[in-house]
Amino acid sequence: MQKDLKAIAAPLVAWYQSHKRELPWRRDKNPYHVWISEIMLQQTRIEAVIEHYYAFMEALPDVASLAAVEEEKLLKLWEGLGYYSRARNLKKAAAKIMEDFGGTFPRSKKELLTLPGIGDYTAGAIASICFGEPVPAVDGNVLRVLARLRADDSDVLLPETKKRAEALISEIIPAQAGDFNEGIMELGETVCLPNGLPLCDRCPLKAHCLAYEKGLCAELPVRIKKTKRKTEQKTVFIFTAPGGETAVAKRGDKGLLAGLFELPNTEGFLSESEMRAFAEKQGLTVKNIAFIKDTKHIFTHIEWKLKVYEVKVENKNAGYLWCTEAQLRDTYALPTAFSKCRKR
């Protein structure tokens, strides 16, 4: 089968070169541009990334500016993308590039893997796209395309399946490594689609695809889901001071959304008397309480069900940071779980 798969390289590269989407990070082979885009694209749709990418590049155009940026500014630039540890690791990696590599981007996958937040996939993508190193870059798109090409019913969520895919790509990757890797990812995103039937009539690899030949495209790839998400209920408070400022608090340094700002909240759905008691415990005098909305936010392993209330108070306490609308818009980053609570 590996010998047969070598035949996909030429048509795949040719297809990519003529069909690739025009994306801002593809305008050059600058490793900084590719790196930032790849980290942003983890767990995030391309449509959501493009606007953030432009703003990020305008504010932090190179490794040196990223290494020097203050964390609050960095997190504000990342607002809306989620998984904020990615942003913190970007800054750590930029500092390491400045300190250990003299400000020059590492060129090999081996060196790239020494940077915080860069794993096998991202290292392979940067090394192949920017520097032509013939190494694999295997993500979910690649796993799906390979599963269908080979009619392979292995669970693509298992680490060993990914390892086999990396070994397979290493055997067949051509000299045009970057275009090959981007081509197979592009094929997975635009033609060999998830969640239903792929667009086989548009596929340059249809003649090499065992799943197409056997009518198995809808059944592959196999993904065996693990345990269900844990559900947590929370009451969220939009404490509003007489001057219109909103209270925010900083989360602890460990755990979910570590070190980020949040709207005050507590476990469980509280009654009005319990909400008044909660506010009074924070040293706040309540004027009135108004229900805003029910909402939810889904993380990888946890789902938050949120009841949101605006609580107008007569005073401000020292335990919270009291922010104007301009500060919340321009300075302090609220994770999406809490920023959506403020949208009526």
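The values are calculated or read from the model by the stated rules, or taken from the named source; none is laboratory data. Keep in mind it's a predicted model, so treat the numbers as computed, not measured. As a convention, Cβ positions derive from the backbone with ideal geometry for all residues, glycine included, and neighbour counts pool all protein chains shown. Accessible surface areas use protein heavy atoms only, side chains included; no ligands, DNA or RNA. Shrake-Rupley method; radii C 1.70, N 1.55, O 1.52, S 1.80 Å.
With axes computed from alpha carbons, what is the tilt in degrees of helix 46-59 against the longest principal axis of the chain, rounded to the nearest 10 within 0 to 90?
Value to nearest ten degrees: 70.
What accessible area per residue comes out for segment 15-137, rounded to a whole number of Å², with a 1.4 Å probe?
On the way: 5640 Å² over 123 residues.
It amounts to 46 Å² per residue over segment 15-137.
With both partners inside the chain, how many of the DSSP beta bridges are antiparallel, as a percent to the nearest 5?
On the way: 20 of 32 bridges.
Roughly 60 percent of the beta bridges in the chain run antiparallel, per DSSP.
With everything on Cα atoms, drop me the angle between helix 85-100 and the longest principal axis of the chain, reported from 0 to 90° to the nearest 10.
Taking Cα atoms only, the helix is inclined about 70 degrees.
Taking a ≥ b ≥ c as the square roots of the Cα gyration tensor eigenvalues, with a/c under 1.5 meaning rounded and otherwise prolate when a/b beats b/c, else oblate, which class fits the chain?
Working: a/c = 2.83, a/b = 1.80, b/c = 1.57.
Since a/c reaches 1.5 and a/b is larger than b/c, the shape of the chain is classed as prolate.
Order these peptides, 60-66, 221-227, 75-81, by their mean beta-carbon neighbour count within 10 angstrom, highest first.
Working: 60-66: 17.3, 221-227: 10.9, 75-81: 19.7.
Top of the packing list down: 75-81, 60-66, 221-227.
Suppose only helical runs count, i.e. DSSP H with n ≥ 4. What mean residue ellipticity at 222 nm does that imply for the chain under -39500 (n - 2.57) per run, divided by all residues and rounded to the nearest 500 deg cm²/dmol? Please report the intermediate quantities before stating the final value.
Numbers: 16 runs with 150 residues, N = 344.
About -12500 deg cm²/dmol.
When you take every Cα atom in segment 5-164, what is the radius of gyration, and what is Dmax, the widest Cα pair distance, in Å?
Rg and Dmax of segment 5-164, Cα atoms, are 16.6, 49 Å.
Dipole magnitude of the chain about its Cα centre, charges +1 at Lys/Arg Cβ and -1 at Asp/Glu Cβ only, in debye to the nearest 20?
Working: 51 positive and 45 negative charges, 154 e Å.
It comes to approximately 740 debye.
Using 26 Å as the Cα-Cα cut-off, could you pick out the over-long pairs in Lys96/Lys225; Lys92/Lys250; Lys76/Lys163; Lys230/Lys293; Lys254/Lys293; Lys76/Lys234? Show your work: numbers first, answer last.
Numbers: Lys96/Lys225 37 Å; Lys92/Lys250 21 Å; Lys76/Lys163 36 Å; Lys230/Lys293 22 Å; Lys254/Lys293 28 Å; Lys76/Lys234 24 Å.
Among Lys96/Lys225; Lys92/Lys250; Lys76/Lys163; Lys230/Lys293; Lys254/Lys293; Lys76/Lys234, the Cα-Cα distance tops 26 Å for Lys96/Lys225; Lys76/Lys163; Lys254/Lys293.
For the chain, what's the relative contact order in percent, using C-alpha pairs closer than 8 Å and at least 6 residues apart?
On the way: 533 pairs, mean separation 56.3, N = 344.
That works out to 16 percent.
Taking Cα atoms, how many degrees apart are the long axis of helix 31-41 and the longest axis of the chain, rounded to 10 and kept between 0 and 90?
Taking the Cα atoms of the chain, the angle to 31-41 is about 60 degrees.
With all protein chains present, calculate the accessible area of Ser85 using a 1.4 Å probe and round the result to the nearest 10 Å².
Its heavy atoms expose roughly 70 Å² to the probe.
Calculate the dipole size of segment 141-267 relative to its Cα centre from +1 charges on Lys and Arg beta carbons and -1 charges on Asp and Glu beta carbons; express the result in debye to the nearest 20.
On the way: 19 positive and 18 negative charges, 100 e Å.
Using only the charged Cβ atoms, the result is roughly 480 debye.
If we sort 271-282, 231-242, 205-216 on the protection proxy, mean other Cβ atoms within 10 Å, highest first, what's the order? Walk me through the numbers on the way to the answer.
Working: 271-282: 13.5, 231-242: 17.8, 205-216: 16.0.
Order by mean packing, descending: 231-242, 205-216, 271-282.
What whole-number value in Å² describes the accessible area per residue of segment 156-253 for a 1.4 Å probe?
Normalised by residue count, the accessible surface of segment 156-253 is 54 Å².
Can you give me the % of accessible surface on segment 188-276 that is carbon or sulfur? Probe 1.4 Å, all protein chains present, nothing else counted. Write down the numbers at each step before the final one.
Numbers: 2610 of 5210 Å².
Answer for segment 188-276 is 50 percent, counting heavy atoms of protein chains only.
Among Ser154, Leu143, Thr235, pick out the residue whose Cα is farthest towards the positive end of the charge dipole of the chain, where Lys and Arg carry +1 and Asp and Glu carry -1 on C-beta, about the Cα centre.
Thr235
If you roll a 1.4 Å probe over segment 93-159 with all protein chains in place, what percent of the accessible area is carbon or sulfur?
On the way: 1270 of 2530 Å².
That share works out to 50 percent.
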